[in-house]
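Notes follow the structure.
The values are calculated or read from the model by the stated rules, or taken from the named source; none is laboratory data. Model, not experiment: these values are computed from the prediction. Neighbour counts are summed over all protein chains in view; Cβ atoms, including those assigned to glycine, are modelled from backbone coordinates with ideal geometry.
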Amino acid sequence: MAATTTTTAINRVKGYHIRPLQEGDIEAVILLDQNENPDPWGAKLIRETLQLSVDTENQSSKNTQAQQRLSWVVEDGSDQVCGCLIATMLLCESELELVLIAGSDRRQGLAKRLMLIWLEFVQQQAVGLAMLEVRESNVGTISLYKKLGFVAVGLRKNYYQALANSNTLNKKDLFVRESKEAAILMNLIIEPTP
């Protein structure tokens with residue numbers, strides 16, 4: 001099944017629509033990154049995603065030997081971008097780089113749908129391994145990844161700057177940023193399509 005012929009049940013979720021990232025979405029994704037990402041990529045890197053992006057609508061790429069970016073967005077009922085997924089693909093591996101959902105649109109199954117679309121697409125491209133990393137404190141996201149079949153394969157100690165919501169108070173009742181937290185490395189073996 002081609003990425004564009006994925007069932008409507010996967011591309012549509014309770015008034016939301018998932019589609020490939022287009023150039024006109026970049027500013028909305030930059031804003032989403034600034035508002036929702038604890039470690040924002042920044043405008044320059046997000047703009048660069050288009051330069052390496054595969055046409056996921058038509059499954060075409062200019063160079064199948066180079067690293068390519070895959071990207072989708074989620075639109076709400078008023079056609080506003082409220083989520084995105086960005087991944088890389090190189091030969092038989094794909095790595096999830098970023099999944100963002102606007103705070104007001106969370107808990108709707110949107111991240112899961114984005115993940116399923118990504119995994120289906122890379123399976124059709126004969127990718128055999130999907131990889132990702134996640135903050136050790138992001139328990140809800142780790143649970144989602146495990147439900148999708150990902151397993152922990154490693155740990156990068158002191159990888160991420162600790163989040164503000166994991167702060168402790170000092171004697172003056174001021175928030176003090178903790179130093180670092182680990183990244184859990186997770187993999188999923190993808191079975192080839194029959």
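Please pick out the residue among GLY109, GLY83 that is in contact with a helix residue (DSSP H, G or I) (Cβ under 7 Å, 6 or more places away or on another chain) and not polar (S, T, N, Q). It would help to see each step written out before you state the result.
Values: GLY109 fails: in contact with a helix residue (DSSP H, G or I) (Cβ under 7 Å, 6 or more places away or on another chain).
Answer to the check: GLY83.
Against the definition (under 28 Å from PRO192 (Cα atoms) and at pLDDT 90 or above), how does ILE10 come out, yes or no?
No; evaluated as a whole, the condition is false for this residue.
Looking at (1) surrounded by 15 or more Cβ atoms within 10 Å (Cβ to Cβ); (2) part of a helix (DSSP H, G or I); (3) modelled with pLDDT under 85, find the lone condition where TYR160 falls short.
(2)
Cβ-Cβ distance below 9 Å, separation of 6 or more or different chains: which pairs start in the stretch 183-194 with a residue that is in contact (Cβ under 8 Å) with a residue 24 or more places away in the chain and end on one that is in a strand (DSSP E or B) and aromatic (Phe, Trp, Tyr)?
Filtered contacts from the stretch 183-194: ALA183/TYR159; ALA183/TYR160.
Would you confirm whether any residue within the stretch 121-132 is of a type outside the set (A, V, I, L, M, F, W, C) and in contact with a strand residue (DSSP E or B) (Cβ under 6 Å, 6 or more places away or on another chain)?
Restricting attention to the stretch 121-132, the residues satisfying the condition of being of a type outside the set (A, V, I, L, M, F, W, C) are 123-125, 128.
Next, from what is left, pick out any that are in contact with a strand residue (DSSP E or B) (Cβ under 6 Å, 6 or more places away or on another chain): none.
No.
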